[in-house]
Amino acid sequence: MEILGIVGSLRSGAHNEALMGAAALAVPEGAGIIRLDGLRDLPYYDEDQDTDSPPPAVVRLRARIAAADALLIATPEYNGSIPGVVKNAVDWASRPFPGSSLRGRSVAVIGASTSRFGGVWAHAELRKVLGLAGARVVASGIAVPHADRAFAADGRLADPEQQEALAAVLADLVASARGVLQPV
Ligand SMILES: Cc1cc2nc3c(=O)[nH]c(=O)nc-3n(C[C@H](O)[C@H](O)[C@H](O)COP(=O)(O)O)c2cc1C
């Protein structure tokens, strides 16, 4: 079971990168997270470039998603919404419609923010756009607040309940990809 891990922050030392690391320590037996690089290389979505031979970074993105059993997206919140790079990636991955690599793919949304709300608005927006693109968005997720002090030295979330909640999200994601858990 291959879970493609996508981090929506481009900066080095991102808390959402750390969250993806904590998720890698919480995957169920038989599953693993493979990280996707290359969000930075994607051009802005442009329908003129979305032809039978789209830009190479787009071809790679779509192929990686198509080859994955499920997606785990760890996103920051910027100004109450998702970062442009995340929306841009979803827009490319949502085409061609309806036969895109995202369609029917199980996806879980997680994220960390330095605020006390954990980026819940961004999560709601990302879940909305993924659902519109035809992905199977799992009901569970986790929004980690105060991200600058949320991680322990071993890479796990410092709060054991949060780390358990993260493991539960991953269990739901794997169950969804196996067809055991139906989308809401
Ligand atoms: C442009 C910008 C806008 C932000 N807007 C929000 C916001 O609306 N809500 C929030 O909780 N945090 C917001 N933040 C703070 C981010 O949660 C914080 O920078 C976080 O560490 C970003 O994730 P990263 O560490 O994975 O890069 C914003 C940060 C930036 C740079």
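The values are calculated or read from the model by the stated rules, or taken from the named source; none is laboratory data. Since the structure is predicted, the reported quantities are computational estimates derived from the model, not experimental observations. Positions of Cβ are generated from backbone atoms using ideal geometry, with glycine treated the same way; all protein chains shown enter the neighbour counts. Note: areas computed on protein heavy atoms with side chains; ligands, DNA, RNA excluded. Shrake-Rupley method; radii C 1.70, N 1.55, O 1.52, S 1.80 Å.
For the chain, what proportion of DSSP beta bridges, expressed in % and rounded to the nearest 5, is antiparallel? Mind showing how you got there, number by number?
Values: 2 of 21 bridges.
Bridges in the chain are about 10 percent antiparallel.
Taking Cα centre as origin and charging only the Cβ of basic (Lys, Arg, +1) and acidic (Asp, Glu, -1) residues, the dipole magnitude of the chain rounds to 160 debye. Contact order for segment 95-184, expressed relative to its length and based on alpha carbon pairs under 8 Å spaced 6+ residues apart, stands at 32 percent.
Heavy-atom accessible surface of the chain, averaged per residue, reaches 48 Å², computed with a 1.4 Å probe. Per the Cα gyration tensor, the chain maps to an equivalent ellipsoid with semi-axes of 25, 18, 14 Å, ordered largest to smallest. With loop defined by DSSP as not H, G, I, E or B, and exposure as at most 14 other Cβ atoms within 10 Å, which is the longest segment of the chain clear of exposed GluC sites (Glu not before Pro)? Result for the longest clean stretch: 48-184. Pick from Asp148, Asp52, Asp172: which is most flexible by mean-square fluctuation in a GNM of the chain where alpha carbon atoms under 10 Å apart are linked? Top of the fluctuation ranking is Asp52.
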